[in-house]
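Remarks on the structure that follows.
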Amino acid sequence: MSKLDSKIPEGPLDKKWEKYKSTIPLVNPANKRSLEIVVVGSGLAGAAAAASLAEMGYKVKVFCFQDSPRRAHSIAAQGGINAAKNYQNDGDSVYRLFYDTIKGGDYRAREANVHRLAEVSGSIIDQCVAQGVPLAREYGGMLSNRSFGGTQVQRTFYAAGQTGQQLLLGAYSALQRQVGLGNVELFARHEMLEVVTIDGKARGIIARNLINGELERHFGHAVLLCTGGYGNVFYLSTNAMGSNVTAAWKAHKKGAFFGNPCYTQIHPTCIPVSGDHQSKLTLMSESLRNDGRIWVPKKKEDCIAIREGKKKAIDIAEDDRDYYLERRYPAFGNLVPRDVASRAAKERCDAGFGINKTGEAVYLDFASNMKYKYGKQEALVKGIQNPTEEQLHALGKEVVKEKYGNLFDMYKQITGEDPYEMPMMIYPAVHYTMGGIWVDYNLMTTVPGLYALGEANFSDHGANRLGASALMQGLADGYFVIPYTIGAYLSNEIRTKAIPTSHEAFETAENDVKERINKFFSIKGTKSVDHFHKRLGKIMWDKCGMARNDAGLKQAIEDIRALQKDFWANVRVTGEANEFNPELEKAGRVADFLELGELMCIDALNRVESCGGHFREESAETEGEQEGEAKRNDKDFMYVSAWEYKSMNNFELHKEELKYEVIKISQRSYK
Amino acid sequence: MSGNMNLSLKVWRQKNAEQKGELVTYPVSDISPDMSFLEMFDVLNEKLITEGQEPVAFDHDCREGICGACSMHINGRAHGPNNGVTTCQLHMRSFKDGDTIVVEPWRAAAFPVVKDLVVDRSAFDRIISKGGYISVNTGNAQDANNLPVPKVDADKAFEAAACIGCGACVATCKNGSAMLFVSAKVSQLSLLPQGKAEAKERVISMVNQMDEEGFGSCTNTGACEIECPKGISLENIARLNREFAVATAASEK
Ligand SMILES: Cc1cc2nc3c(=O)[nH]c(=O)nc-3n(C[C@H](O)[C@H](O)[C@H](O)COP(=O)(O)OP(=O)(O)OC[C@H]3O[C@@H](n4cnc5c(N)ncnc54)[C@H](O)[C@@H]3O)c2cc1C
Ligand code: SF4
Ligand code: FES
């Protein structure tokens, strides 16, 4: 029998959460004070969880590797956060958000989790506004909304192109308040390097103090991993430089199953690679697709002329432009989901229509909305009769600036080109990982007492995440789910006294960490950590990226295993263990990525179907209206892949069957 | 695709907080104008590692101007020669072939050096803990649209909230004052109706913590506003001063 029990409550879908919530055992206030919770991560999920649990009375410790919890990678989220408020009166509802998310995820997410997410989405906005998060407003003082991909309603709340920053600073302020009140102890510049388990339960962590290199032992009745996504396995991604899989991977090796590791989101609108020196890729928010139209020239000779610098975008006549998303998907146009938009860009570039030197870029053009939508509107408001094209451009530019100013500035800084005058050049890049640690309905992993929240878990987005849903999920997990569900476990722990960290389990875990650190220094090889990271990234991008196939994946697994060997024989880690040492931090992270990369390819190889962000070339529609589109195989693959770590290079697959009781499954069409 | 710029870097090296530091000169070659300043440091570090030397430690994470981690004092200016950009957003096209570039950490009494170009800015977090929030527990909130906020106020609050906590304002101030940072948070919260209830205690307690952390006092030189990568305006300092005056007057009654 499978070891997977998703613990989904009984009852009709729309009553499950409400009913379950009121039956979860409670922990009384006096007992809460003697229960300790370790929270690893201070992003939206971690900060929200830590603040809420501390407010409830638990004793909380928070860890992050940055110098301040405010710098967690959630800070970089740009476009917005979804919530089923229906403030725009455009027919939105909890059901519709639920439905869009399941469909967007290509029918590979759990109904019950997603419904709960949609149910609590509204409370998130209420909470954030109460904290003083300055979300965008209309002149009447009410909150403003915009659209994101894969939906036909306006349910996305935002703060210019800095939504993640504002939401995180809200959660961070709640966290710092609890720090000030003495309910949370904060450990910044600390990296968790091991989970400690005693009698099969998670009981704490080993963390390295990044300033002096000391290894520390921290006990917790429960441990929450809120450690973000693992997109950096590709080396180049939109994630921050420090984003990593280490915490999740350590948990995996201690018994936590890894769910759907191969589900990766490649975001369609990022600034293209400019050279070998590239250290990361920069996202241009999906919200830009509200006002930008994506195109390439219809004629190859135009593409060549542009690449050679002989023509510019504005020289291409309207009739010679191929707005390929509008052409292929008239119902959703430029607002198709990310996986669909990315593959369409790749298709055009592979066919030779790319428009930059590398042939891997398409245009994202604002000219028409800038002039004819916003320019005209403003001209009307300002009473300007028969405005000229230049006037329309100037008027519209102001509106666009207010909506997306920081993104346009960022683009200009990076590329040196002015996107108000020229269309942006964009190309897909690795952005988000839907896969992650497998969790049940309570967000508990297969290790009792060990939880995973936010991007670190696999839970709500199936095979493809819709835009503006990660912020929603991180905050839902932290503010509104874990504070309830953790009671189911901790109510049975009230008699467990804090275990002294002299316990042998802590001793062994610390020794394991120490040994590995010493190993890094003992190799004294010739190649830098980055060297290996870049090579891994290339294998992953070429063979486990936007399109995957049997032969390629098998090759990738071989290549990664060889690379693992090379790494452990030839890496050079400079400096010492007992000091501030970023190279050592990187070495640990890349060593874990090397193992994760292998598992991602194994998972991708196993899943011989296309779904969401996972596109297997062998599984595409071959005829009719849907020709070339991804082809799911529900008969054989309607399950979550949950991998158990057995030993190095050896993983065992467990399957959690997905049952759709409410939603009617169909071919996902955005035509 | 490497570039064609050759530069001479003078970089602050300091092993840890206890030991003394010094400027060390490193030549770097084949730098492309499309590289960011931090990517140029990646090139330097890669070279140092292959030569068996220790790479330069510096803070960075998002590399897109939003996390506030990067913090280099470049040729005497916090975040380098351009206005309105962080170190990670500075690109090498802002420099010329043959340039000598001096790179130092933030210098301020309240920001001790950790190593090389890395400093300790945890004082900022402690200031926020003393009132940089609205006291609302999870679950306490009413419906978000029950409280309309005039767009002008919301926009102003947002502009103040855009602070990334990088500390350039402190590093650039001859007094090492944190007024711009603190005033940005005080302003954001006092501009919003939600923040009014605690406004008085907030400003007093945040200012007290700021003093306790060893930040200098503000003498209105205005240097901070110029170097702030997020355009946080001096208006915020004026607002803090007003709030502070009102709050202290009220508490004396
Ligand atoms: C550029 C960009 C833009 C985005 N825009 C949007 C958007 O508009 N809307 C949307 O919904 N989503 C967006 N996303 C996705 C979303 O931002 C993330 O999925 C989400 O913020 C993740 O939050 P988190 O709390 O799970 O993790 P993170 O915010 O990544 O936090 C991880 C935390 O874990 C800590 N940590 C990690 N490992 C360790 C360790 N070993 N030891 C100690 N601490 C550790 C880190 O220090 C950090 O505090 C965007 C993502 C990117 C990259
Ligand atoms: S006010 Fe400006 S310079 Fe100071 S910390 Fe904030 S963003 Fe940085
Ligand atoms: S690295 Fe994040 S702001 Fe520069």
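Residues in region A:243-261 that are part of a loop (DSSP other than H, G, I, E, B) and surrounded by fewer than 24 Cβ atoms within 10 Å (Cβ to Cβ) were compared, and the one that is nearest to the other protein chains (Cβ to nearest Cβ) is A:Lys254. For region B:217-240, a tally of residues being over 19 Å from the mean Cα position of the chain (by Cα) and buried (at least 17 other Cβ atoms within 10 Å of the Cβ) returns 1.
Identification of helices (runs of 4 or more DSSP H) wholly contained in region B:166-221 with 3 or more residues that are away from ligand 3 (no atom under 16 Å from the Cβ) and either farther than 26 Å from A:Asp67 by Cα or within 14 Å of chain A (Cβ to nearest Cβ) (or both) yields B:179-191, B:199-212.
Before we move on, is B:Ser129 away from ligand 3 (no atom under 14 Å from the Cβ), small (Gly, Ala, Ser), more than 15 Å from B:Ala171 (Cβ to Cβ) and crowded, with 19+ Cβ neighbours inside 10 Å?
On the way: away from ligand 3 (no atom under 14 Å from the Cβ): yes; small (Gly, Ala, Ser): yes; more than 15 Å from B:Ala171 (Cβ to Cβ): yes; crowded, with 19+ Cβ neighbours inside 10 Å: yes.
For B:Ser129, the condition - away from ligand 3 (no atom under 14 Å from the Cβ), small (Gly, Ala, Ser), more than 15 Å from B:Ala171 (Cβ to Cβ) and crowded, with 19+ Cβ neighbours inside 10 Å - is met.
Any chance region B:35-47 includes a residue that's touching a Ser or Thr at 6+ places or on another chain (Cβ under 7 Å) and more than 10 Å from chain A (Cβ to nearest Cβ)? Reasoning before the result, please.
Pass one, region B:35-47, residues touching a Ser or Thr at 6+ places or on another chain (Cβ under 7 Å): B:37-39, B:42, B:46.
Then drop every residue that is not more than 10 Å from chain A (Cβ to nearest Cβ), which leaves B:37.
Yes, there is a match, as at least one residue in region B:35-47 is touching a Ser or Thr at 6+ places or on another chain (Cβ under 7 Å) and more than 10 Å from chain A (Cβ to nearest Cβ).
The requirement of being more than 29 Å from A:Val223 (Cβ to Cβ), surrounded by fewer than 24 Cβ atoms within 10 Å (Cβ to Cβ) and within 14 Å of chain B (Cβ to nearest Cβ) is fulfilled somewhere in region A:111-123, by at least one residue.
Note on region A:262-295: among residues that are away from chain B (no Cβ under 14 Å) and hydrophobic (A, V, I, L, M, F, W, C), the one that is farthest from ligand 3 (Cβ to nearest atom) is A:Trp295. Within region A:86-102, is there a residue that is within 14 Å of chain B (Cβ to nearest Cβ), under 28 Å from B:Leu191 (Cα atoms) and not hydroxyl-bearing (Ser, Thr, Tyr)? Checking region A:86-102: at least one residue is within 14 Å of chain B (Cβ to nearest Cβ), under 28 Å from B:Leu191 (Cα atoms) and not hydroxyl-bearing (Ser, Thr, Tyr). In the set A:Gly132, A:Gly140, only one residue is of a type in the set (Gly, Ala, Ser), surrounded by 21 or more Cβ atoms within 10 Å (Cβ to Cβ) and over 23 Å from the mean Cα position of the chain (by Cα); that residue is A:Gly132.
Do the conditions hold for A:Asp319, that is, is it more than 30 Å from A:Asp512 (Cα to Cα) and either crowded, with 24+ Cβ neighbours inside 10 Å or within 14 Å of chain B (Cβ to nearest Cβ) (or both)? No.
For first residues located in region A:21-33 and among the charged types (D, E, K, R), partners that are assigned to a helix (DSSP H, G or I) and lie 6+ apart or on another chain with Cβ distances below 9 Å form the pairs A:Lys21/A:Tyr484; A:Lys21/A:Thr485; A:Lys32/A:Leu53; A:Lys32/A:Met56; A:Lys32/A:Leu490.
Among the residues making up region A:402-446, a single one is over 15 Å from A:Ser287 (Cβ atoms), buried (at least 24 other Cβ atoms within 10 Å of the Cβ) and either within 14 Å of chain B (Cβ to nearest Cβ) or within 16 Å of ligand 2 (Cβ to nearest atom) (or both): A:Ala429.
Count of region B:81-91 residues, restricted to those that are more than 18 Å from B:Met5 (Cα to Cα) and either facing chain A (nearest Cβ under 9 Å) or more than 9 Å from ligand 3 (Cβ to nearest atom) (or both), is 5.
Name the pairs whose Cβ atoms lie under 9 Å apart, with the first residue in region B:137-158 and within 7 Å of chain A (Cβ to nearest Cβ), the second among the β-branched types (Val, Ile, Thr) and not in a helix (DSSP H, G or I), and 6 or more positions between them or separate chains? Listed pairs, sorted by first residue: B:Ala157/B:Val149.
So which residues in region A:524-565 are part of a helix (DSSP H, G or I) and either outside the structural domain of A:Met600 (by TED's automatic domain parsing) or touching a Phe, Trp or Tyr at 6+ places or on another chain (Cβ under 7 Å) (or both), if there are any at all?
A:Phe532, A:His533, A:Lys534, A:Leu536, A:Gly537, A:Met540, A:Trp541, A:Leu563
Rundown of residues vs (1) at pLDDT 95 or above; (2) within 11 Å of ligand 1 (Cβ to nearest atom); (3) within 28 Å of B:Ile127 (Cβ to Cβ), yes/no style:
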| position | (1), (2), (3) |
| --- | --- |
| A:Tyr172 | yes, yes, yes |
| A:Gln178 | yes, no, yes |
| A:Arg203 | yes, no, no |
| A:Arg208 | yes, yes, yes |
| A:Leu215 | yes, no, no |
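Annotation for region B:51-63: at least one member residue is within 16 Å of ligand 3 (Cβ to nearest atom) and β-branched (Val, Ile, Thr). Annotation: of all residues in region A:437-466 being small (Gly, Ala, Ser) and over 10 Å from the mean Cα position of the chain (by Cα), the one that is farthest from ligand 3 (Cβ to nearest atom) is A:Gly449. Hey, among the residues in region B:121-136 that are facing chain A (nearest Cβ under 7 Å) and in a loop (DSSP other than H, G, I, E, B), which one's nearest to ligand 2 (Cβ to nearest atom)? This residue is B:Arg121.
Check region B:53-62 and report whether any residue there is more than 7 Å from chain A (Cβ to nearest Cβ) and either under 14 Å from the mean Cα position of the chain (by Cα) or not β-branched (Val, Ile, Thr) (or both). Yes, that holds for at least one residue.
Kindly indicate whether B:Val152 is outside the structural domain of B:Gln209 (by TED's automatic domain parsing), more than 16 Å from ligand 2 (Cβ to nearest atom), farther than 16 Å from A:Cys128 by Cβ and of a type outside the set (D, E, K, R). Even if it seems obvious, please write down each step before you answer.
Details: outside the structural domain of B:Gln209 (by TED's automatic domain parsing): no; more than 16 Å from ligand 2 (Cβ to nearest atom): yes; farther than 16 Å from A:Cys128 by Cβ: yes; of a type outside the set (D, E, K, R): yes.
The answer is no for B:Val152.
Just a yes or no: is a residue in region B:190-204 away from ligand 1 (no atom under 16 Å from the Cβ) and touching a strand residue (DSSP E or B) at 6+ places or on another chain (Cβ under 8 Å)? Before the answer, list the steps.
Taking region B:190-204 as the starting set, the residues that turn out to be away from ligand 1 (no atom under 16 Å from the Cβ) are B:190-204.
Adding the requirement that they be touching a strand residue (DSSP E or B) at 6+ places or on another chain (Cβ under 8 Å) leaves none.
No, that holds for no residue.
Within region A:145-168, the only residue that satisfies the criterion of being in contact with a strand residue (DSSP E or B) (Cβ under 8 Å, 6 or more places away or on another chain) and at the interface with chain B (Cβ under 9 Å from one of its Cβ atoms) is A:Phe157.
The values are calculated or read from the model by the stated rules, or taken from the named source; none is laboratory data. Quick caveat: nothing in here was measured; it's all calculated off a predicted structure. Because the Cβ atoms are built from the backbone with ideal geometry, glycine has one as well, and the counts that use them run over all protein chains shown.
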